[in-house]
Every structure is written in structure tokens, then in C-alpha cells.
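The values are calculated or read from the model by the stated rules, or taken from the named source; none is laboratory data. This one's a predicted model, so the numbers in the text were calculated from it and none came from an experiment. When we count neighbours, we look across all protein chains shown, and the Cβ atoms used for this are built from the backbone with ideal geometry, even at glycine.
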Ligand SMILES: [Zn+2]
């Protein structure tokens, strides 16, 4: 029997290209069937669930194009450091976690996202020392329980930070070098076989929870491993994601290692494809942007973590002008402190005004909303069914309270939403027509119990990781100097990129 749902009396913003208008929605089996004038579906009320959206702005659920499940339990653990400082410390932040911790961290991530109007995420998920089928299932099961959509993509590398940057290792005091030089990254064949096994026997509904694959950072992956990931992506249709040129160090040392840009190198390896999305892409040239656009890759803008880690500002307008699709991510709660995609959208819009004073090249509210919805959905392989309120799209919907001050008086719902909303107006959230948040509270889990579990886990993990944290503190001055020393680079990359 068809499950029929009506959402009536709302002010509906169908997508980034249209104005909000009073409309009713007819939803069947979790899928939007029709948008109609108010009252149009009165005859369909019998036997239907009816949600009254009076005084509510109805928008499509936001889609987070880049985050990390493991960031949930790492919240508050990252000091004021640049990206490489964070990577050097990350074993002491993400280490010692069992399957329950992986699930708990994913639950925290999903809970925060849903409460802030985000109904789907691309999760680059981490398990130390290498991914496991059980770990991937634990994360996916956590998402299923909370009721969010996700791509679960194991984050993998076959080089350590110190193998990626031998120059960093060489700058460290001699006493610190041997143990770090002895560190081994994951075995590449073992990583690939875990993903193959997971893809062969994925027990989740692929319309809600997909497997992906995530070679974490090109410099941290051998060419063969990167190509092995791309081959699995092609064989099983897995969305693939990597962190591309997030920091200036990655771009400079990538060029040093490969004799050409990271994008040119990846292109040469044959790994650029419509299934690939590249998170950050801060330090890339116009030629790089054009190459990514030609290959139909999606870039994911992450303004929150780019600012937090001092990575820089991605050239989003230049990307859009060159035909590169740009989605939006929050990045992990450890390096962004919040998963709030409303805030990321506002930053995407405002930051473009720091880059230049030409008003015509600023990121508009429509640009920002498209990034946070349709374009992120495309990176997940769901561009045809997520990110708009339209017939055939999933009923992933957010109802925002128009009595909140940012909407009073109401003149331009799109502008007031993107520039003003911080999630405080969040009332109800539906995923596939299922109500998962009501009056701002999650219906699927016990939030008070989750908080207690998170605090207990954080205290246990911090005790277990104390030794690693002391090592990270000892390394910090040298890693920090390595990050700051880029200005003396002979490569003059910043100038070449027009910064
Ligand atoms: Zn990331």
C-alpha cells in the first residue's frame, strides 16, 4: 500500500533557481510526486499523513559534500594549528578507538547534521590502522539508526605524513626522527581488499547508505594505490573523494615530487572521473580547474576548516566560471568545530567578497544554496534525486520557523535563508518522508544518553592517547615552522596562482 504524505500550507523554496512560493507537496513512498497550489491535493487527504507547514519555510535537506564521522568524538581536541600540525596530532586524536567508538562518533556527527537541517553526508571515515568491513558496517549502521543518508568512504593512505613530506622529517630534532621514520602506513593491498569485500557484500539499502572510497591525500598515496582506488570506484560505481591541494604545502611539495601540479599528476594517472570529488582545492591554478571541469569532477568547498586551519580561500568563482561543479562541505567537527552547513553556506557567500570587490563575481545566495544541495548531492552519485524539491526527488525536507527574527519581515526567503540562517529556525526534518526531527529534537535517538556516552568515551580515549598527545606537543614547534616556512619556497606558487 502506498504511504502518502501531504505537506500543506508551507512557503516552499523548490531550489536555488526559484523563488519561494506558497505550495503543497504530495509525497508517495518517500518520494516527491507533485508540487501543487495550496489546497490542490485536498482530495488526496484521506488515508494520508498530513504535516501542517503553516508559518514554515520548506526547503530541501542540505547535503554535506565532505565531512568525517570520526570528527564527532574529536571535537575540541585540535589546538590552533595548521593542517599539517593537525595531521601530525591526529593519531593521538583518532587512535585507540573500537567499533563502538566508530559508531558513537558517527552517531554524534549524524545527530548534529540532522538537527541543523542536513539530511545527507559524504563521510570520509577513518579507522586505525586500516579500514575493516566491520568498521564500515558499524558506521553505516549508526547512520541507519539515526535516519540520515550517507556515502561511507573509508579514508586510506599507504604513506605516513613523514613519507609524504620527507622534508618535514629532516627538519625534526634527531632524537625525534627514528620512531617517526619507522612508522608504517597501511598496507595498500589490504586496504583495497577490504573495500572490495565491503562492496561485494554491502548489506545496506543503497538508496540510503552507499559505500564510497577515499584515498585521503594524493601525496600520502602511491600512484599504484591511487589507481587501485580508482579501479575499484569504476568497477563498483563507488563515489571517490580525496583532499586536493588543501594546504599550500601540499601544492608546493606535490609539484616538487611530481614535477607538475597535483591535478596534472592525477590526470596523468587516469583517476579523474565524474565519480571523483576533490575536497578543498584551495591551491589550484586556472589550468587545474579547467582540467577538473573537463573530466566532470566535483570540487567541494570547505570554508569552515579552511579558515580554522589557515589553509586559505578556495577560488570558487573561478571554478564556477570555468564550468567546475562546486559542492559544499563542513569538514569534520574536529577541525571545523561545527557541522553547520548553514554557516558554511554563508561563509561561502561572504568569503567571495574578500577575494575581490567586483560584485558580479561574488557568490550569490543562489550559488551558495546550489553548492549546499544539488552539487554536493552530485558528488555522492545522487544528483538526480537529492537536493531539490521536484517530482521524482526524495522527500528530504527541512521546515524552518518563519517567526524567527531573521525572517521578520520576510522579503526574500533565499537571501534571508543563506545570509541569516544558523539552524536556530529548525523545526522539523524529514528524510525520505520520515519525520526524524520535531521541534528541533531528534526522534530517533536519546540525545541525553548520547551526550553521556560521548563524554565517557572522550575521557577514556584521552587517557589512552596521552602518550601520543605528548609526542604531538613535542613535534609542534617544528611542524609549525614547516608550515610557516612556505613563504621562502623557491616555487613561488602563490604568485603563480595569482594570490
Ligand atoms: Zn576533510
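A few remarks follow.
- No other residue among 130, 168 is part of a helix (DSSP H, G or I) and modelled with pLDDT under 95 apart from 168.
- Considering the range 251-271, the residues that are out of contact with any strand residue (DSSP E or B) (no Cβ under 9 Å at 6 or more places or on another chain) and assigned to a loop (DSSP other than H, G, I, E, B) include one that is surrounded by the fewest Cβ atoms within 10 Å (Cβ to Cβ), namely 259.
- Residue tally, condition touching a residue at least 40 places away in the same chain (Cβ under 8 Å), away from the ligand (no atom under 16 Å from the Cβ) and more than 15 Å from residue 376 (Cβ to Cβ), over the range 267-283: 4
- Looking only at the range 217-250, and only at residues there that are part of a helix (DSSP H, G or I) and over 22 Å from the mean Cα position of the chain (by Cα), the one that is surrounded by the most Cβ atoms within 10 Å (Cβ to Cβ): 228
- Test: residue 303 is within 16 Å of the ligand (Cβ to nearest atom) and surrounded by 24 or more Cβ atoms within 10 Å (Cβ to Cβ): yes
- Residue match in the range 67-84 (condition: surrounded by 24 or more Cβ atoms within 10 Å (Cβ to Cβ), in a strand (DSSP E or B) and within 16 Å of the ligand (Cβ to nearest atom)): yes
- Residue check, residue 277 farther than 17 Å from residue 84 by Cβ and in a strand (DSSP E or B): yes
- One residue alone among 103, 181, 138, 185 is without any contact (Cβ under 8 Å) to a residue 60 or more places away in the chain, within 15 Å of residue 220 (Cα to Cα), crowded, with 19+ Cβ neighbours inside 10 Å and away from the ligand (no atom under 16 Å from the Cβ), and that residue is 185.
- Qualifying position, being more than 13 Å from the ligand (Cβ to nearest atom), within 19 Å of residue 346 (Cβ to Cβ), in a loop (DSSP other than H, G, I, E, B) and at pLDDT 95 or above, among 313, 326: 313
- Test: residue in the range 417-440 that is surrounded by 13 or more Cβ atoms within 10 Å (Cβ to Cβ) and either closer than 30 Å to residue 96 by Cβ or free of Cβ contacts under 8 Å to residues at least 12 places away in the same chain (or both): yes
- Residue that is farthest from residue 81 (Cα to Cα) [pool: residues in the range 331-346 that are within 16 Å of the ligand (Cβ to nearest atom) and surrounded by fewer than 20 Cβ atoms within 10 Å (Cβ to Cβ)]: 338
- The range 444-469 residues that are within 12 Å of residue 96 (Cβ to Cβ), paired with ones that are surrounded by fewer than 17 Cβ atoms within 10 Å (Cβ to Cβ) (beta carbon under 7 Å, 6 or more apart): 461/96; 464/96; 465/95; 465/96; 468/95
- Scanning the range 334-349 for residues that are part of a helix (DSSP H, G or I) and either at positive phi or free of Cβ contacts under 8 Å to residues at least 60 places away in the same chain (or both) yields 344, 347, 348.
- Candidate set: the range 174-200, residues that are assigned to a loop (DSSP other than H, G, I, E, B) and within 25 Å of the chain's Cα centre (by Cα); chosen: the one farthest from residue 138 (Cα to Cα): 185
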